[in-house]
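Please read the structure below before turning to the comments.
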Amino acid sequence: MVGNVTITALPAGGTVGSTDPFPSVQSSNTVKITATQMRTFVLNSSATFAIGTGAAATTIAGTGAFNLTLTTNSGASNQGTITIANGANGNITIDPDGTGVVSLAGTTTGTGSITSSSSSGGIGYSTGAGGTVTQATSKSTTVALNAVTGTIVMNGASLSAATVVAFTFTNTSIAATDMVVINHSSVGTLSGYSFAVTPGAGTSTVSVRNNTAGALAEAIVLQFAIIKSVTG
């Protein structure tokens, strides 16, 4: 049948499918459900299932004081789930199956906190967020890399004892209110240097000091990460 289908009665535990006495749901059909007794509704097609009048907000709610879970493959055990816990202060749990991940595209904002209970995962950047740039000519030469995390390979020119050199780090990912964290990750005399960063809009000034008693001519590798921040 092509057109609108209205279901006004369905026994508890009933199923609407290709073998039931109701019309099968085809991609050109609209199905309107008005029964309060329905338990399971099966769309035997790949059609989009739309709800609401199109003229006002729509709410999807479970019946009774129970959790509401969204899953796939008829609820098989090896599927990801989204579960809304019933009751006041209930959690919303997004649980991918196995090694699956929760991927959020675009900017995500919130009024609460973001925490992790993982002893190994933590909170940070994933592959694709970083980059590497090598400083040319001297230790005061400007470097440019538009990434929120990555490495800077400094020039190997000599830096005298107890001397500070500064270079400009151009990066469109940096806002003036951000924190740019820099560590000496490899190459050269570890603990022989100290660093300071002054961020600006799309740039920062990185100062490097040789803390030893002698000159150092090392192409040290710096690892950086930008932490987005505000002043109020």
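The values are calculated or read from the model by the stated rules, or taken from the named source; none is laboratory data. Just so it is clear, the model here is predicted, and its values are computed rather than measured. Cβ placement follows ideal geometry from the backbone for every residue including glycine, while neighbour counts extend to all protein chains displayed.
Can you name every residue in region 60-83 that is within 26 Å of the chain's Cα centre (by Cα) and polar (S, T, N, Q)? 67, 69, 71, 72, 73, 77, 78, 79, 81, 83 - these are the residues of region 60-83 that are within 26 Å of the chain's Cα centre (by Cα) and polar (S, T, N, Q). Residue check: is residue 142 under 30 Å from residue 108 (Cα atoms) and at pLDDT 95 or above? Against the criterion (under 30 Å from residue 108 (Cα atoms) and at pLDDT 95 or above), residue 142 does not qualify. One residue is enough: does region 57-73 have a residue meeting the conditions out of contact with any Gly (no Cβ under 7 Å at 6 or more places or on another chain), under 30 Å from residue 154 (Cβ atoms) and not aromatic (Phe, Trp, Tyr)? No, region 57-73 has no match at all. When region 55-99 is limited to residues that are of a type in the set (Gly, Ala, Ser) and outside any loop (DSSP other than H, G, I, E, B), the one that is nearest to residue 115 (Cα to Cα) turns out to be 75.
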